[in-house]
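This report refers to the structure that appears directly beneath it.
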Amino acid sequence: MMLALGMFLFELRTAPYSEMRRNQAWRHPKQNRVGQRPARQFGGPDDDTITLSGELRPEITGGRITLDVVRAMAATGKGWPLVEGNGRMYGLWVIEKIEETSSDFFRDGTPRMISFTIDLARVDESRVELLGDVIGIVRDRL
């Protein structure tokens with residue numbers, strides 16, 4: 001497993017992504033001052049987004065049905081926990097956008113290749129207390 005979004009697993013059989021791009025921002029609003037540079041004040045975290053992109057080869061990987069499952073998750077409007085295969089927790093994320101490009105078609109119109117991009121946005125605050133509990137459980141078992 002490469003990544004889990006809720007109960008959906010990104011892996012070779014479903015939707016292996018070839019690129020994961022994360023953008024984080026922090027707010028620093030400014031106040032203009034006469035004769036000086038603007039004063040800035042740290043306003044906290046801003047948007048945190050992840051973009052997953054890759055190709056599906058329905059003969060080897062998942063196909064359109066795989067992306068339909070992700071679309072159904074997006075349609076709920078709920079946040080989903082995002083966890084890497086190595087156990088790294090990213091928090092709760094919503095699916096903001098799915099782009100799909102089909103090409104290289106069979107005679108019946110079924111694509112041999114489907115390129116996809118999935119845009120996720122973080123919706124929760126930092127959940128440090130949950131990480132502490134997980135670390136405590138692991139420490140107790142060692």
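Of the conditions (1) β-branched (Val, Ile, Thr); (2) under 15 Å from SER115 (Cβ atoms); (3) open to solvent by less than 80 Å² (accessible area, probe 1.4 Å), ILE60 clears all except one; give me its number.
(3) is the only condition that ILE60 fails.
Please tell me if GLU96 is charged (D, E, K, R) and closer than 17 Å to ARG21 by Cβ.
So GLU96 passes the test.
What about THR66, is it open to solvent by less than 30 Å² (accessible area, probe 1.4 Å) and polar (S, T, N, Q)?
Yes.
Kindly indicate which of THR49, THR14 is of a type in the set (S, T, N, Q) and either at pLDDT 95 or above or open to solvent by 90 Å² or more (accessible area, probe 1.4 Å) (or both).
So the residue among THR49, THR14 that is of a type in the set (S, T, N, Q) and either at pLDDT 95 or above or open to solvent by 90 Å² or more (accessible area, probe 1.4 Å) (or both) is THR49.
Residue-wise test of (1) over 13 Å from the mean Cα position of the chain (by Cα); (2) charged (D, E, K, R).
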residue: THR51; (1), (2): no, no
residue: GLU59; (1), (2): yes, yes
residue: GLY62; (1), (2): yes, no
residue: GLU100; (1), (2): yes, yes
residue: THR110; (1), (2): yes, no
residue: ASP119; (1), (2): no, yes
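Do you know which residues across segment 69-82 are buried (at least 17 other Cβ atoms within 10 Å of the Cβ) and in a strand (DSSP E or B)?
Passing the criteria: TRP80, LEU82.
Here are ARG139, ARG112: which of them is on the phi < 0 side of the Ramachandran plot, at pLDDT below 95 and part of a strand (DSSP E or B)?
None of the others qualify; the one that does is ARG112.
The values are calculated or read from the model by the stated rules, or taken from the named source; none is laboratory data. A quick note: this is a predicted structure, and the numbers were derived from the prediction, not measured. With ideal geometry, Cβ positions are generated from the backbone for all residues, glycine too; neighbour counts draw on all protein chains shown. For the accessible areas, the whole protein counts, side chains as well, though only heavy atoms, and no ligand, DNA or RNA atoms are used. Shrake-Rupley method; radii C 1.70, N 1.55, O 1.52, S 1.80 Å.
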